[in-house]
Every structure is written in C-alpha cells, then in structure tokens.
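> Okay, here's the structure, questions in a sec.
The values are calculated or read from the model by the stated rules, or taken from the named source; none is laboratory data. Worth saying up front: this structure is predicted, and the values here are computed from it rather than measured. All Cβ positions, even for glycine, are placed from backbone atoms using ideal geometry, and neighbour counts span all protein chains on display.
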Amino acid sequence: MARIFISGSSDGLGLMAAQLLVEQGHDVVIHARTDARAQQAKIALPAAQAVVIGDLSSIATIQVVAEQANKFGRFNAIIHNVGIGYREPHRVETEDGLSQIFAVNVLAPYLLTALIDRPDRLIYLSSGMHSSGDTSLDDLQWTHRRWNGSQAYADTKLHDVLLAFAVARRWPGVLSNALEPGWVPTKMGGPDAPDDLALGHVTQAWLAGSEDAAARVTGGYLYHQKQRRVSATIMRFDLQDRLLQICRDLTGVEIC
C-alpha cells in the first residue's frame with residue numbers, strides 16, 4: 001500500500017485517479033483549490049485520507065499547499081495533475097504578475113516538486129499538444145507575444161515534459177515520468193473530445209501505484225501505459241536546465 005498525493009484532484013481526471021487508487025487499497029491525499037471544492041471532493045471520495053486546500057496560481061499559496069502535504073509524511077508517489085486549459089480569450093495575470101496558465105501548469109508542479117519531501121515516484125500530466133510547444137522558452141509570460149491560448153497551453157505541456165525529464169536526470173533514485181491522458185471529455189477537454197474518458201486516469205494511477213516492471217520506469221513519456229517517443233529537442237539537457245533556471249529565478253526555490 002502506498003501513500004499518494006494528487007494535485008488538482010477535486011474533480012476530473014485527478015479525482016478519477018484518486019478513486020481508482022483508493023479502490024486498489026492506497027492511502028490518497030487529494031487537493032482542492034477552495035474550501036467549497038474540498039467539501040465536494042470529500043463527498044465524492046469519502047475514503048480519501050485527507051484534502052489539502054490552496055490556489056496553485058500563487059507562489060505563496062503553492063508553498064502553503066506543500067507545507068500541508070508534508071504534514072502527512074513522505075509520499076510514495078505524487079501525481080502533478082493540476083492544470084488549466086486554454087479557453088481564456090486573453091492573458092490572465094496572477095498576483096505575482098505571471099501568466100496564470102504558466103503559474104498553474106508549470107510553476108505549481110515545479111514548486112511542489114521542490115518543496116514536498118522527495119517521493120519514490122513523480123508523475124507529470126502533459127498533453128499531445130506538447131508537440132506544438134515553443135522550444136525557444138522565450139516570453140513564457142506572454143508579455144510580448146500576442147495572446148494565443150492554445151499556444152500558451154501547448155507551451156506549458158511541453159514544459160511539463162521538460163520538467164519530468166530534468167527531474168529524472170537529477171534525481172536518479174526517483175521514477176519521474178510525463179504522460180498524456182488523451183483528449184478526453186472532461187471539463188477542460190470539452191464535451192466533444194474524442195478519446196475514451198474511462199482510460200484518461202489509468203496511466204497516472206498505474207505509474208503511481210503499480211509494481212509492474214513496465215510502470216517502474218523513469219524519464220519516459222507515456223500514453224495509455226505505453227512509452228512514446230518525444231522529439232530530440234525535448235531530450236536536450238540544456239533546454240531542461242534552462243526551464244529549471246527560469247522557474248528558480250521566479251520563485252527563489254531550486255530543484256537541486
């Protein structure tokens with residue numbers, strides 16, 4: 001039995017993964033953005049060990065969420081499920097002056113990775129749209145480019161893969177992987193998404209809790225429990241390290 005933390009798990013794929021892991025006998029700590037969403041999550045999954053609460057668009061609140069999570073002791077696995085989509089018609093700025101989509105989709109996983117006691121396994125949710133992400137890593141806050149929500153989202157999903165691979169390289173004792181759940185009909189994916197919702201949460205739960213040899217990999221990118229290739233550009237250490245440097249400069253916190 002493992003202890004597992006899942007960010008962004010009050011509904012959608014995060015809650016579905018939590019439900020599956022609880023059914024498998026694991027202790028699961030879930031996360032909600034607000035008190036109201038935490039109450040809804042408790043009703044949906046009363047068997048969860050606990051719910052931590054905090055808005056992951058703020059650097060200060062991300063740190064508070066990490067502090068709450070650490071009170072439960074070391075986790076065997078952490079699923080970085082938190083994310084927002086690309087339907088905003090304009091750039092939304094956080095209280096830290098950052099692009100909200102970057103803060104939630106990239107900076108939150110980065111800071112939670114750095115601040116929560118190091119687990120055995122880390123899982124980062126990406127998307128097939130990562131292949132359209134801008135590998136220049138220029139203007140990540142969209143202060144100079146004309147806003148394009150779809151491109152901003154694709155960029156952050158590229159960053160999540162870079163983060164997973166960078167951590168896999170720096171922390172060889174931790175199994176760190178990225179995955180795409182498919183374009184599934186969640187609140188974020190929309191009702192017309194063509195992929196099977198019943199499969200959207202399976203891979204992350206499997207990577208977090210399974211002892212199958214195929215699940216005990218690191219530095220991988222997976223889709224429906226199968227490894228997929230990524231572009232050679234994503235494998236560049238200098239690109240991975242540059243993203244870590246950007247996040248360190250923004251937060252003052254380093255992944256060593």
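> Taking residue 47, is it farther than 18 Å from residue 114 by Cα, of a type outside the set (Ser, Thr, Tyr) and modelled with pLDDT of 95 or more?
yes
> Here is a list: 82, 92, 64, 106. Which entry is farther than 13 Å from residue 159 by Cα and touching a His at 6+ places or on another chain (Cβ under 9 Å)?
82
> Would you tally the residues in segment 151-182 being under 10 Å from residue 219 (Cβ atoms), assigned to a helix (DSSP H, G or I) and touching a Phe, Trp or Tyr at 6+ places or on another chain (Cβ under 6 Å)?
The qualifying residues number 1.
> Another question about this same structure. When the residues of segment 236-255 are narrowed to those that are within 19 Å of the chain's Cα centre (by Cα) and part of a loop (DSSP other than H, G, I, E, B), which ends up nearest to residue 160 (Cα to Cα)?
Top of the filtered list is 255.
> Filter segment 186-229 down to residues that are at pLDDT below 95 and crowded, with 16+ Cβ neighbours inside 10 Å, then give me how many there are.
The qualifying residues number 7.
> Also, quick follow-up: Consider segment 155-171. How many of its residues are surrounded by fewer than 22 Cβ atoms within 10 Å (Cβ to Cβ) and either without any contact (Cβ under 8 Å) to a residue 40 or more places away in the chain or closer than 17 Å to residue 248 by Cβ (or both)?
3
> Also, quick follow-up: If we scan segment 87-107, do we find a residue that is touching a residue at least 12 places away in the same chain (Cβ under 8 Å), among the hydroxyl-bearing types (Ser, Thr, Tyr) and in contact with a strand residue (DSSP E or B) (Cβ under 9 Å, 6 or more places away or on another chain)?
Yes, some residue in segment 87-107 is touching a residue at least 12 places away in the same chain (Cβ under 8 Å), among the hydroxyl-bearing types (Ser, Thr, Tyr) and in contact with a strand residue (DSSP E or B) (Cβ under 9 Å, 6 or more places away or on another chain).
> I would also like to ask the following. May I ask you to list the residues in segment 210-242 that are among the small types (Gly, Ala, Ser), touching a helix residue (DSSP H, G or I) at 6+ places or on another chain (Cβ under 9 Å) and closer than 19 Å to residue 131 by Cβ?
219, 220, 231
> Still on this structure, please answer the following. Inside segment 203-235, can you point out the residues that are among the aliphatic types (A, V, I, L, M) and either without any contact (Cβ under 8 Å) to a residue 40 or more places away in the chain or assigned to a loop (DSSP other than H, G, I, E, B) (or both)?
213, 214, 215, 217, 230, 232, 234, 235
> Could you list, ordered by first residue, the pairs with Cβ atoms under 6 Å in which the first is in segment 124-136 and in a helix (DSSP H, G or I) and the second is of a type outside the set (A, V, I, L, M, F, W, C), at least 6 apart or interchain?
128/180; 129/157; 130/157
> Please count how many residues of segment 119-129 are surrounded by fewer than 24 Cβ atoms within 10 Å (Cβ to Cβ) and closer than 16 Å to residue 219 by Cα.
The number of residues fulfilling the criteria is 3.
> Residue under question is residue 54, and the condition is that it be within 26 Å of residue 251 (Cβ to Cβ), surrounded by 24 or more Cβ atoms within 10 Å (Cβ to Cβ) and under 18 Å from the mean Cα position of the chain (by Cα); does it hold?
When the stated conditions are applied, residue 54 does not pass them.
> What are the residues in segment 33-68 that are in a helix (DSSP H, G or I) and out of contact with any helix residue (DSSP H, G or I) (no Cβ under 9 Å at 6 or more places or on another chain), if any?
If the condition is that a residue be in a helix (DSSP H, G or I) and out of contact with any helix residue (DSSP H, G or I) (no Cβ under 9 Å at 6 or more places or on another chain), then 35, 36, 37, 38, 39, 40, 42, 43, 60, 61, 64, 68 are the ones that fit.
> Further question: Just checking, does segment 138-147 include any residue being in contact with a helix residue (DSSP H, G or I) (Cβ under 7 Å, 6 or more places away or on another chain), crowded, with 24+ Cβ neighbours inside 10 Å and not in a helix (DSSP H, G or I)?
no
> Right, next: For segment 17-32, how many residues meet the condition of being in a loop (DSSP other than H, G, I, E, B) and buried (at least 19 other Cβ atoms within 10 Å of the Cβ)?
1
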